[in-house]
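Working notes, beginning with the structure itself.
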Amino acid sequence: MKDFISFKKLSIFIALGILAVLSFVILWPILSAIIIGLILAYIFYPVYTEVFHIIKEKNISALIIVFLVIFFVLLPLWFLLPYVAKQIFEIYLYAQNLNLFGFLTKIFPSLAQTEFSKDFALSFNNFVTTIVSKILSGASTLLLNLPSFVLKLVVVFFVFFFGMRDAELFRDYVKTLSPFSKPTEKDFAKKFKDITNAVIYGFIVVGILQGILTGIGLFIFRVPNALLLTVLAIFAAIIPVIGAWVIWLPSSIYLLISGKIVLGVGLFIYGALFVSWVDNIVRPYIVSKKTEIPTVIVLIGMIGGLIVFGILGLIIGPLILSYLLLILDAYRKNKFPSLFS
């Protein structure tokens, strides 16, 4: 009888394992869409709660947020995409004919005699050409896989809708699966929330805000290919240490070299005053010092995540490393045995 019960338990675990593997195989092609939908739900959940307090109806409140995101985010991106593609192609053609060595020798004539300057100019040209070629290749791949992209987009907004509407049910369900004791569960829930806020709001949302502010400056001071540079500024601002200055500072220098002194100085002042202040004021306001995770962890997580998961890894990478450090910290402080009792 004991052997029969043990066999039944083993069969259940094997069945669960097989179902888990099959479920992962089924979800893998749309896993990125599911994660994006959950991240959107997390970001806009505070807005959803405010709308729900007014309307008192979950479905309508969630639909309003979804339609607002589509109207203010997705549609503008859809219409701007052709212009970004056009500017990428223009920069690709420009990079093909770029003579960085000649430009450097005009400013620093002494460099004309050094082999290093020639090698540097050649390497830089190759780097720019490679990056732009990969962007063009990615854009063409996206167009070829448009039906798959549309289906994933549908999944994103379905998960986004239900992620907001059923957030409390999802939270309660996860709690029932948690192996931790109630005090530990409460403590971990707070720390997980702090870490998630630090990454999503403190780095991603603030980075997007910095990139958009940089883009406004680029348009105001008439920098060429401002739309593409705005997209690059957003990515640069998201990544710690790099920041949006790698876009607005060279752009201001370019304007100065081009003889547009007033525009160049104006962009420099704008970047120093209206873009950089976000790091000094907005980021610390959103993420308090006690919950801010080390910058090196975020940077390593973003780079590793980008390599493994693609663009979505900018969020997933630092979250995974931060959650791991949270568990390791509990083990280091000899709290591990008490986590489950």
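Readers should treat all values here as calculations from the given coordinates under stated rules, not as data from a laboratory. Bear in mind the structure is a predicted one, so any value in this text is a computation, not a measurement. Reconstructed Cβ throughout: ideal geometry from the backbone, glycine too, with neighbour counts over all protein chains shown.
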**Asked** Quick one: in region 23-68, what % of C-alpha pairs are over 16 Å apart?
**Response** 46 percent
**Message:** Using a 7 Å offset from the Cα along the Cα-to-Cβ direction at both Val246 and Lys190, what is the distance between the two label points in nm, to one decimal?
**Reply:** 3.7 nm
**Prompt:** By how many nm would the segment from Leu68 to Leu27 lengthen if fully extended, with 0.36 nm per residue of separation less the alpha-carbon distance?
**Reply:** 12.0 nm
**Complete:** One finds, for Tyr254 and Asn145 with R0 = 30 angstrom and r their Cβ-Cβ distance, a FRET efficiency to the nearest 0.05 of 0.25
**Asked** Taking the Cα-to-Cβ direction at Ile303 and at Phe170 and moving 7 Å from each Cα, how far apart do the two end points lie in nm?
**Response** 3.2 nm
**Item:** Highest to lowest packing among 309-319, 58-68, scored as the average C-beta count within 10 Å
**Value:** 309-319, 58-68
**Where only alpha carbons of region 15-92 are counted, the Rg and the Dmax (Å)** = 18.6, 56
**Hypothetical label at Trp277: residues of region 193-233 whose amide nitrogen lies under 19 Å (7 Å Cα-Cβ projection)** = 206-221
**Asked** Residue separation times 0.36 nm, minus the C-alpha to C-alpha distance between Leu19 and Ile208: what's the value?
**Response** 64.1 nm
**Message:** Can you compute the FRET efficiency between Asp329 and Leu81 using 1/(1 + (r/R0)^6), with r the Cβ-Cβ distance and R0 = 41 Å? Round to the nearest 0.05.
**Reply:** 0.40
**Fill in**
Ranked output for segments 158-167, 250-259 by mean other Cβ atoms within 10 Å, highest leading, reads 158-167, 250-259
